[in-house]
2 protein chains.
Amino acid sequence: MQLVQTCAEVRAWLATERRAERRVGFVPTLGALHAGHLSLVGVCRQAADRVVLSVFVNPTQFGPGEDFSRYPRDLERDLRLAEDAGVDVVFAPTVEEMYPFGRAEVTVDPGPLATVFEGRLRPTHFRGVATVVTKLLALVAPDVAVFGSKDAQQVVVVRQVVRDLLLPVQLLVGPTVRESDGLAFSSRNVYLSIQERVAATVLHRALVQAGDGIRFGVRDPQVVESRLRAELATEPLGTVDYAAMVDAERLEPLLTIEGRVLLLVAVRFGATRLLDNLCLRVHGSDVQEELP
Amino acid sequence: MQLVQTCAEVRAWLATERRAERRVGFVPTLGALHAGHLSLVGVCRQAADRVVLSVFVNPTQFGPGEDFSRYPRDLERDLRLAEDAGVDVVFAPTVEEMYPFGRAEVTVDPGPLATVFEGRLRPTHFRGVATVVTKLLALVAPDVAVFGSKDAQQVVVVRQVVRDLLLPVQLLVGPTVRESDGLAFSSRNVYLSIQERVAATVLHRALVQAGDGIRFGVRDPQVVESRLRAELATEPLGTVDYAAMVDAERLEPLLTIEGRVLLLVAVRFGATRLLDNLCLRVHGSDVQEELP
């Protein structure tokens, strides 16, 4: 496995792969790799001949007062995990390499999908995500790129960026990987105290209950949302930022539960925000879990 | 020469060219081809094995009340001219092909360079340009793309889009081609009445005079701008939108005339706006004309 740290090295490596007509896959990450990221590498390896994984804590997707400076960073550990998972190239640029002219003046504006839920609470977040993803996709020029389900709104936004800007890449989505008690793996879980870590299982539990309600025939979105919020409220350590059910493409409220629907939750435990979601395809009485 | 009208056809054609390791060049246009465009094709042919020319009157770069609907369109004529100039592929998509989901919700925000001069008068123009250029570059994936000097601010904005988004393309700039009386070729010249057509020569004349002043040693930007405006004012049919001298990279005002400087003029004749510019590199007493 190679570690490359400059855009020039990425382009040089890529030229060789292109001449050999190998399919290149890409897994963008902020590092602090966990089982969720490693499962994305597995998805990517099945779809490509070579896997590039980026490790870049992108400053433009963090807002003022957010955890950019304390976000966990351990490149040595990430390299070991990436190599074991079968990554071919880790691209770990500096901030200066990705933003050589200071803050980027040209940005990708992701539009209305980025103004709700996470985008309402973190107004500059998805512009930063859309911009850095566009840059990384332009640089790595992968045939396929893999994003994790846990950040469902990010998946929806990135899908629209790729679609609207005609970016020549196939997007794949990997399933959320969970601890044995159901908590979704997240690099931010390390911020949790022991009590908060126990309390955090409420996100998945509430989503599973809401999904069960839908399987049992509930078709009124307000009933499901109320039940979801009531379950989240049983955990006094958590403060709910949002808990909603929306249509999975437009992230808009539903009149009835039919088609692809997405349940989104964000809960704060102290200064730590955790996200989780459940995506379902509902056709009449048939309810299937899907990737967002 | 091939005419292709869908993104899928472009991608299929491109795959063949890539496998043959041929260098692809790209000249984006709004059609209504004239000698200026054809000279860009010539620049492109020298730098690439294949030349793709796009003909697309991009609605998102026209503001409300602008000339989108009456912009000159004559694809048959454009095809003849393109073929004679040595174009290999003309890509002439419909608006629906380029914006299949209605107005693009994801856009490229070109930042502060797009808020001055043309951007101040046409607030959505450069966002439309930056977005469609990013899309066309993502689709055609050219090794080299050629833009015309006449739209100097567009060159500066597109250069920054390519730089900030890490788009893997080399930008080339082609010189402004002029009628025998100095008027820059523009698809909008057809809008001019006979009297306006004669009056329009004032743009180039004023720029040449300002350039002569600089060659004769004038180094005070305000003196040059005053002289430029005074010459433009000799033409009663024209209304000056702006006439300014700025630094050629940042489009910011100058304290003294040194380095790469750009003189920008925009003048209205009736409902028709015409642009022209002069780019100079000044080192002490040495003054050279350059491409923006």
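The values are calculated or read from the model by the stated rules, or taken from the named source; none is laboratory data. Computed from a predicted model, the values in this text were never measured in an experiment. A quick note on method: Cβ atoms are made from the backbone with ideal geometry, for glycine too, and the neighbour counts reach across all protein chains shown.
Here are the numbers:
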| item | result |
| --- | --- |
| Some residue of the range B:81-91 being within 14 Å of chain A (Cβ to nearest Cβ) and closer than 23 Å to B:L263 by Cα | no |
| Count of the range B:111-131 residues which are of a type in the set (V, I, T) and crowded, with 24+ Cβ neighbours inside 10 Å | 2 |
| Residue count, the range B:30-54 (criterion: in contact with a strand residue (DSSP E or B) (Cβ under 6 Å, 6 or more places away or on another chain) and not small (G, A, S)) | 10 |
| The range B:1-56: number of residues that are out of contact with any Lys or Arg (no Cβ under 6 Å at 6 or more places or on another chain), buried (at least 19 other Cβ atoms within 10 Å of the Cβ), away from chain A (no Cβ under 14 Å) and closer than 18 Å to B:D143 by Cα | 9 |
| Any hit, the range B:143-153, residues being at the interface with another protein chain (Cβ under 10 Å from one of its Cβ atoms) and not in a loop (DSSP other than H, G, I, E, B) | no |
| Pairs, first facing another protein chain (nearest Cβ under 7 Å) and β-branched (V, I, T) in the range B:96-108, second in a strand (DSSP E or B) and surrounded by fewer than 21 Cβ atoms within 10 Å (Cβ to Cβ), C-beta under 6 Å, six or more apart | B:T107/A:D109 |
| Residue check for B:T115: more than 24 Å from B:P72 (Cβ to Cβ) and at pLDDT 95 or above | yes |
